[in-house]
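None of the figures in this text is laboratory data; all of them are computed from the coordinates on show. Computed from a predicted model, the values in this text were never measured in an experiment. Using ideal geometry, Cβ is built from the backbone for each residue, glycine included, and neighbour counts are taken over all protein chains shown.
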Amino acid sequence: MAGVLQRFEQRLENAVTGAFARVFRSAVQPVELAAALQREIDNNTNILSRDRVLVPNDFTIELSTTDYDRLNQFGSTLAQELRTLISEHITEQRYTPAGNISITFAEDESLHTGRFHVHSKATASVSPAPGQPMTETAIRRATVVLDIGGLRHPVSTPVLTIGRGSTADLKIDDPGISRNHAEIRTEGSVVTVRDLGSTNGITVDGRRVPESALANGSQIRLGNTLITVSITEETE
């Protein structure tokens, strides 16, 4: 850990010379943010297998108004160096990130100068297969819609496959998801999810199952990804 932090400080010093020293004299120090991010990663590991340990990839750093205002002039440089530090730490610890590393700074007026909070989550990128409509019109017309991380994906075919592989109808770049993990099947008013022989299986509303009927509001977990199902009745 010490080596990663030392490299981080050296890069930051080379990037902005003495500007940080002047700005952060009595406020939060960049190395404190770096160390906190490393702790956040180490404290939120999820063992997928003997050789794979999943860690968060999406980080939010909440800062006091004073620190947030001061950071704005260095925001992009600091965020980039912190992303590099996180990537180095993940590599050295042989972790597997849930997706691309993202760092966001947020203002919290309740915090005093020099105080900050770090929050993290695992967020996998999701992309539909070519030809799968993702328009608002398609979403309105669909009787089944999958909500993943706040983004809605209509189920526009009787069978929709979900996986990490390029052949899946809905591709989720989550290391805990198999190449062909599960399928959503719609037959009339009946909607089901079925495991396709995945490594880590599926859970529906907290229960691990090979197959399950779905209702409006059902939650499916594949790997580290939570999918909320919305089902509406067809109208003429």
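Below is a table of values for the structure above.
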item	result
222 nm mean residue ellipticity, helices alone, for the chain (DSSP H n ≥ 4; -39,500 (n - 2.57); rounded to 500)	-8500 deg cm²/dmol
Loop-exposed trypsin sites (Lys or Arg not before Pro) per DSSP, neighbour cap 13 Cβ within 10 angstrom, longest uninterrupted part of the chain	95-236
Cβ-defined net charge surrounding His119, 12 Å radius [Lys, Arg +1; Asp, Glu -1]	-3
Calculated from backbone phi, Karplus (6.51, -1.76, 1.60) coupling profile of segment 71-81 in Hz, x at Gly/Pro	6, 4, 6, 10, x, 5, 5, 5, 4, 5, 5
Using θ = phi - 60° and Karplus 6.51 cos²θ - 1.76 cosθ + 1.60, couplings along segment 180-186 (whole Hz; Gly, Pro as x)	10, 9, 7, 9, 9, 10, 10
Sparse-neighbourhood loop sites, GluC sites (Glu not before Pro) in segment 98-160 - DSSP loop, at most 12 other Cβ within 10 angstrom	Glu109
All-pairs alpha carbon distance profile, segment 74-177, 10 Å steps from 0, percent	12, 32, 26, 21, 9, 0
Around Leu71: net Lys/Arg minus Asp/Glu count, Cβ-Cβ under 12 Å	-3
For Leu48, residues with placed amide H under 5 Å, excluding near neighbours	Val53, Leu54
Proximal charge balance of Thr203 [Cβ under 11 Å; K/R count +1, D/E count -1]	+1
Extended-chain gain in nm, criterion 0.36 nm per residue less alpha-carbon gap, Glu107 and Val53	16.3 nm
